[in-house]
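What follows is a single structure, written as structure tokens, with notes after it.
The values are calculated or read from the model by the stated rules, or taken from the named source; none is laboratory data. These figures come from a predicted structure and were not determined experimentally. Reconstructed Cβ throughout: ideal geometry from the backbone, glycine too, with neighbour counts over all protein chains shown. Just so you know, the surface numbers come from the protein's heavy atoms only, side chains and all, with ligands and any DNA or RNA stripped out. Shrake-Rupley method; radii C 1.70, N 1.55, O 1.52, S 1.80 Å.
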Amino acid sequence: MCEVRGNRVKVRLLTYEDVLEMRNWGKHDDPLFKDYNFPNFSDDEVRSWFNYRTSRKNTRCFSVLDEEDRMIGYINIRNIKKIMRAARLGIVFNPDVLNRGYGSDALMAVLGYYFDVMKMNTLYLDVAKFNKRAIRCYEKCGFKITREYQSKHSNLMEQAYDEKSHVWNEEYFTIKNNIVYCKYYEMKVQKR
């Protein structure tokens, strides 16, 4: 892939310089999303992060650029199973550019590449049940919920507890044996 274009974005292979730029992204204010913030990595840690993600044979990593060529998003297609023609999607955007349509524009461009160029049939993703904005984006791009599941998440204890009402947020979390489990949806889209 050299580059694919959406209506407002272009998507190309991730570079080391792109990851350096991710350190300058804004931060989520909502405690539910603090794990989505890009870490304050040193240059060496950025290099390690980049090398780890881009060296895996069953993974493709992409940068999303806006109209002014600013790096605003990161998308990966991982666990690529060529025989099954299926993979999993990961996507994250600079919090400063959310709710502007960039995510769905980039995702539609990547889906075209995924189905038409890579010749894949099914793309899966996992999304936290509390991430309503992402769920709307995925549904807009044709993804459907296939199942709900729970996964242990050790650093979400404070997010699961609502300090105002002094109750656990049972819509998105469960607690078993003092361990917090976050509720997730698996979603998929198939080639039309």
Enumeration of residues in region 44-74 that are without any contact (Cβ under 8 Å) to a residue 40 or more places away in the chain and open to solvent by less than 80 Å² (accessible area, probe 1.4 Å) = V46, S48, W49, F50, N51, R53, R56, N58, T59
query = Among the numbered criteria (1) closer than 22 Å to C141 by Cβ; (2) modelled with pLDDT under 95, which single criterion is violated by L65?
reply = (2)
inquiry  = I'd like to know if region 2-23 contains one or more residues that are part of a loop (DSSP other than H, G, I, E, B), of a type outside the set (V, I, T), under 15 Å from the mean Cα position of the chain (by Cα) and surrounded by 13 or more Cβ atoms within 10 Å (Cβ to Cβ).
reply    = yes
message = When you check L32 against the structure, is it open to solvent by less than 40 Å² (accessible area, probe 1.4 Å) and under 19 Å from E186 (Cβ atoms), yes or no?
response = no
query = Quick check: is even one residue across region 88-109 open to solvent by less than 20 Å² (accessible area, probe 1.4 Å) and without any contact (Cβ under 8 Å) to a residue 24 or more places away in the chain?
reply = no
ask   = Can you tell me which residues in region 119-139 are in a loop (DSSP other than H, G, I, E, B) and either crowded, with 17+ Cβ neighbours inside 10 Å or under 17 Å from the mean Cα position of the chain (by Cα) (or both)?
value = M120, K129, F130, N131
request  = Return the total of residues in region 108-127 being over 17 Å from M84 (Cα atoms) and touching a helix residue (DSSP H, G or I) at 6+ places or on another chain (Cβ under 8 Å).
outcome  = 1
message = Taking the criterion of being closer than 17 Å to L123 by Cα and in contact with a helix residue (DSSP H, G or I) (Cβ under 7 Å, 6 or more places away or on another chain), would at least one residue in region 67-75 satisfy it?
response = yes
inquiry  = As an exercise: evaluate R56 against (1) part of a loop (DSSP other than H, G, I, E, B); (2) at pLDDT 95 or above and give the number of the one condition it does not meet.
reply    = (2)
